[in-house]
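Have a look at the structure below, then the notes.
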Amino acid sequence: MDLEQLANVGEFVSGIAVVASLIYLAVQIRQNTQTVKSSTLSTNTLNWSSMLVNIASDDTSNAYLNGMIGREDIEPQQLLQFVQMARAMLVSFETQHYQYLNGALDKEIYLGYERACTDQFLAYPGFQMIWEITRLHFSPPFVDLVDGLISGIDDGASYAIAEQWTQLARQRRLDR
């Protein structure tokens, strides 16, 4: 084997090494992307779980209920509690929207959050009032999203969960 043939073999081996390195890099990037998405979902789940448990506590549930229905005579302390809970929920929702737009949350997961946020808080008058007061504190793409979601809510939708609960309870009682 002369020097030219040896150089050709070296180039061939070098080319294979480059291809193998690129394949390895692609696998690593894919695994890292999955890890980031999994971590993002886990963080969002913990964040929302913590907020929902806090809302259900004795100390805050009345503030949440009075605020979400938009009571005019809400006590100042309850108003403060509700405003902070509503802002935390809106900030969390905006974070999820940002994560979705940047590929850190899958579409199906994000759309589930979006439906839950629309049905479980944006549909209520008190949240819509907080949104009117604080909407300029959020990014323009998020403002457009929430404005669109609120404009698409049917009147009376804010009580859909309570109505569904009552209907299901009646039906189950009748089924016994």
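The values are calculated or read from the model by the stated rules, or taken from the named source; none is laboratory data. Being a predicted model, the structure only gives us computed values, none of them experimental. Don't worry about glycine lacking a Cβ; one is built from the backbone with ideal geometry, like all the others, and counts go over all protein chains shown.
At a glance:
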read-out: Those residues of the stretch 117-149 which are among the charged types (D, E, K, R) and more than 22 Å from Leu80 (Cα to Cα), in sequence order; value: Asp119, Asp144, Asp147
read-out: Qualifying positions in the stretch 51-65 - under 16 Å from Gln120 (Cα atoms) and either touching a residue at least 24 places away in the same chain (Cβ under 8 Å) or out of contact with any helix residue (DSSP H, G or I) (no Cβ under 7 Å at 6 or more places or on another chain) (or both); value: Met51, Leu52, Val53, Asn54, Ile55, Ala56, Leu65
read-out: Evaluation of Ile69 against (1) more than 30 Å from Glu108 (Cβ to Cβ); (2) modelled with pLDDT under 75 (one fails), failing number; value: (2)
read-out: Residues of the stretch 114-146 satisfying the condition of being aromatic (Phe, Trp, Tyr), in a helix (DSSP H, G or I) and within 26 Å of Asn62 (Cβ to Cβ); value: Phe121, Phe127, Trp131
read-out: Count of residues meeting criterion [in contact (Cβ under 8 Å) with a residue 12 or more places away in the chain, surrounded by fewer than 15 Cβ atoms within 10 Å (Cβ to Cβ) and assigned to a helix (DSSP H, G or I)] in the stretch 92-107; value: 2
read-out: Complete set of residues in the stretch 108-118 that are surrounded by fewer than 16 Cβ atoms within 10 Å (Cβ to Cβ) and among the acidic types (Asp, Glu); value: Glu108
read-out: For Ile74: the one exception among (1) in contact with a Gly (Cβ under 8 Å, 6 or more places away or on another chain); (2) free of Cβ contacts under 8 Å to residues at least 12 places away in the same chain; (3) assigned to a helix (DSSP H, G or I); (4) not acidic (Asp, Glu); value: (3)
read-out: Condition met for Thr166 (among the β-branched types (Val, Ile, Thr), surrounded by 12 or more Cβ atoms within 10 Å (Cβ to Cβ) and either without any contact (Cβ under 8 Å) to a residue 40 or more places away in the chain or in a helix (DSSP H, G or I) (or both)); value: no
read-out: One residue from Gly152, Gly126 being more than 17 Å from the chain's Cα centre (by Cα) and surrounded by 17 or more Cβ atoms within 10 Å (Cβ to Cβ); value: Gly126
